[in-house]
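> Sharing a structure below in structure tokens format, with a few things to ask.
Values in this text are rule-based calculations from the coordinates and carry no lab data. Every value quoted in this text rests on a predicted model; they were computed, and no experiment measured them. Ideal geometry is used to build each Cβ from the backbone, glycine not excepted, and the neighbour counts take in all protein chains shown.
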Amino acid sequence: MRTRIAVIYYSATGNVHQLARALAAGAEGAGAQTRLRRVAELAPASAIESNPAWRQHVEDTADVPVDCLADLEWADGYAFGTPARFGNVASQLKQFIDTTGPLWAAGLLADKPVTGFTSAINAHGGNESTLLALYNTMYHWGAVIVPPGYTDEVVAAAGGNPYGAAHASSIGSPGESVLAAARYQGTRLAHVAAAMARARASLHRAA
């Protein structure tokens, strides 16, 4: 059976959305089946209307399915994406994460690999702390965090963030080096998820 990866993200103006698509493409290239899911928008209409790029992105991604807890239960591995909000996870993604209590209590989120990706305005605008804050939840889940580390040269070419693919949006949309790093991160996640799924299956057969 193909490894199943859920890529769940929040994006206001499209940078994290592009990273999410690249990461999903990397996972699919490694043979995984993916579900690309955006989280629900919580911002008031007045805030969205104040930024033309935000309004345009809302319209452009209306066809992307909104996440649900069933996507987490379905998946063998997860990738979460969020813009940096004062060095922390965006409230839209955090709101979804805060609904996962029933799955966590049932042990359905444990022992699954997870990775994160992000975007801040500046190179030092909180990308690293945002990913570290995101991973705090994963410790509670008992998930296995799968960062890219420095396991491939594409990580250094994209700015060298070992915690996850990250983009500085002040320079514009993600360039090919950052998208390549995101694709690699998806490939790495899919490979780890497949190995862990095989190990679980072997343990079940032995039992």
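> What length, rounded to one decimal in nm, is gained on full extension from residue 153 through to residue 42, with 0.36 nm per residue of separation minus their alpha-carbon distance? Kindly include the intermediate steps, with their values, before the conclusion.
Numbers: separation 111, 0.36 × 111 = 39.96 nm, distance 3.73 nm.
Contour length minus the Cα-Cα distance gives 36.2 nm.
> Follow-up question, since we're still on this one. Give the peptides 1-10, 66-75, 193-202 in descending order of average Cβ contacts within 10 Å, highest first.
Values: 1-10: 22.6, 66-75: 16.6, 193-202: 15.1.
Result, highest mean Cβ count within 10 Å first: 1-10, 66-75, 193-202.
> State, as an integer percentage, the relative contact order of the stretch 1-112 based on alpha-carbon contacts under 8 Å between residues 6 or more apart.
Working: 154 pairs, mean separation 39.9, N = 112.
Here the relative contact order equals 36 percent.
> Pop a pseudo-label 7 angstrom from the Cα along the beta-carbon direction at both residue 88 and residue 51 and give the gap in nm to one decimal.
Simple spin-label model gives 1.7 nm for this pair.
> In nm, give the distance between the simple-model label positions of residue 145 and residue 62, each being 7 Å from the Cα along the Cα-to-Cβ direction.
For the pair residue 145/residue 62, the computed spacing is 3.9 nm.
> Let me ask something else about it. Skipping prolines and chain starts, which residues have an amide H placed within reach, meaning under 5 Å, of the one on residue 152, given they are 5 or more residues away or on another chain?
none
> Under DSSP H, which helices of the chain have Cα atoms covering 27 Å or more of the helix axis and a Kyte-Doolittle average no less than 0.0?
Details: long enough: 176-206 (45 Å, 0.05).
Going by DSSP H runs, the hits are 176-206.
> Work out the FRET efficiency for residue 73 and residue 132 from their Cβ-Cβ distance, taking R0 = 22 Å, and round it to the nearest 0.05.
That gives a FRET efficiency of 0.25.
> Just to be sure I understand, if you calculate Cα extents along the principal axes in Å for this structure, which of (1) 51, 40, 28; (2) 41, 40, 32; (3) 58, 38, 28 do you get?
Computed from the coordinates, Cα extents along the principal axes in Å corresponds to (3).
> So what is the relative contact order of the chain, in percent, for Cα pairs below 8 Å that sit 6 or more residues apart?
On the way: 406 pairs, mean separation 55.0, N = 207.
With pairs under 8 Å counted, the relative contact order is 27 percent.
> Cβ under 11 Å from residue 186's Cβ, residue 186 left aside: what net charge do those residues give with Lys, Arg +1 and Asp, Glu -1? Show your work: numbers first, answer last.
Working: positive: 21, 183, 188; negative: 28.
Around residue 186, the charge tally is +2.
> Mind checking which of 172, 160, 149 has the largest fluctuation in a GNM of the chain, springs on alpha carbons under 10 Å?
With Cα springs under 10 Å in the chain, the top fluctuation among 172, 160, 149 is at 172.
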